[in-house]
Each structure stands twice: as C-alpha cells, then as structure tokens.
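Novice: I'd like to ask some things about the structure below.
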Amino acid sequence: MTKLQIISDSNDMIPVIQDAIAARIKRTEIGFQKTEKEIQKFEKQYHISSDDFLTAYTSDDLSGGDEDYISWMGEIKLREALLEEIKALREIEYVC
C-alpha cells in the first residue's frame, strides 16, 4: 500500500489531488476496457483463450502471422500493466 501525505497551506488542494488520482483511475479503467475488447476479438477469431495462446502458440500458428501474434501479445502485456496501475492507484491511502 502507498501512503500519500499532502502538506499544503490550503486545504483546497487535497480534494484537487484526490480528484486527479480518481480521474487517472477512470482513464486507466477505460483503457483497460478497450484492451479487453481487443483481446476478446483475438480469442473469438482464433477460438482459444489468451492463457492458451501465451503457453502454446507462435506466430506460425496464427493465420494473421506475425502481425496478429505481436498485436495480441501487446494487448495482453498492456492489460497486465493497466491492471497493475489500477491496483496501485486504488491502494493509495491518504494520510492527514
């Protein structure tokens, strides 16, 4: 957990910072939803889960070849990064 202590001469800044972090969470969640939709397209197209794709497939196994392989892998990695960011931001504890 991350503890965030805000020291300011004005108490007006605390909600501004909290709102900025909340907005970042929202934007990251929107990005996650878009990424999830892209992953679902690949799963539907190739009739396999992303977990199976990660463990068993190479670019030669996909009809779209390298382009689909790289795109799908990139979306999976992006999804992981976005989830980590959302988790970290949600765990922020504000210390007064």
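The values are calculated or read from the model by the stated rules, or taken from the named source; none is laboratory data. Small disclaimer: the values here were computed from a predicted structure and weren't measured. All Cβ positions, even for glycine, are placed from backbone atoms using ideal geometry, and neighbour counts span all protein chains on display. Surface accessibility is based on the protein's heavy atoms, side chains included, excluding ligands, DNA and RNA. Shrake-Rupley method; radii C 1.70, N 1.55, O 1.52, S 1.80 Å.
Novice: Looking at the P(r) of the chain, how many percent of alpha-carbon pairs lie beyond 17 Å?
Specialist: Tail of the P(r) past 17 Å holds 59 percent of the pairs.
Novice: Related question: Amide H to amide H under 5 Å from TYR94: which residues, 5+ apart in sequence or cross-chain, H placed 1.01 Å off N in plane?
Specialist: Hits under the 5 Å cutoff: LEU4.
Novice: Can you tell me the 0 to 90 degree angle between the C-alpha axis of helix 13-46 and the longest principal axis of the chain, rounded to 10?
Specialist: 10
Novice: Sticking with this one: On the accessible surface of segment 32-96, probed at 1.4 Å, how many percent belong to carbon and sulfur atoms?
Specialist: 51
Novice: Here is a follow-up. Once you've got the GNM for the chain with C-alpha springs shorter than 10 Å, pick whichever of ASP12, ASP68, ASP52 has the biggest mean-square fluctuation.
Specialist: ASP12
Novice: Any of LYS41/LYS77; LYS3/LYS34; LYS26/LYS87; LYS41/LYS87 with alpha carbons more than 20 Å apart? Name them for me.
Specialist: As for pairs spanning more than 20 Å Cα to Cα, those are LYS3/LYS34; LYS41/LYS87.
Novice: What length, rounded to one decimal in nm, is gained on full extension from ALA23 through to LEU83, with 0.36 nm per residue of separation minus their alpha-carbon distance?
Specialist: Gain on extension, ALA23 to LEU83, equals 20.0 nm.
Novice: Hey, what do the phi angles of segment 86-96 turn into as Karplus ³J(HN,Hα) couplings, whole Hz, using 6.51/-1.76/1.60 and θ = phi - 60°, x for Gly and Pro?
Specialist: Per residue, the Karplus-derived 3J(HN,Hα) values read 4, 4, 4, 5, 5, 7, 5, 10, 8, 10, 8 Hz.
Novice: Take the Cβ-Cβ distance between GLN33 and ASN11 as r, set R0 to 30 Å, and report the resulting FRET efficiency rounded to the nearest 0.05.
Specialist: 0.30
Novice: Follow-up. Pick from GLU85, GLU29, GLU67: which residue has the top mean-square fluctuation in a GNM of the chain where Cα pairs under 10 Å get a spring?
Specialist: In this elastic network of the chain, the residue with the biggest mean-square fluctuation among GLU85, GLU29, GLU67 is GLU67.
Novice: Something else now. What FRET efficiency do you get for TYR94 and GLU43 if R0 is 35 Å and r is their Cβ-Cβ distance, rounded to the nearest 0.05? Don't jump to the answer; show the numbers that get you there.
Specialist: On the way: r = 39 Å, r/R0 = 1.10.
E between TYR94 and GLU43, to the nearest 0.05, is 0.35.
Novice: Let me ask something else. For the chain, report the accessible area per residue in Å² (1.4 Å probe, heavy atoms, rounded to an integer).
Specialist: 72
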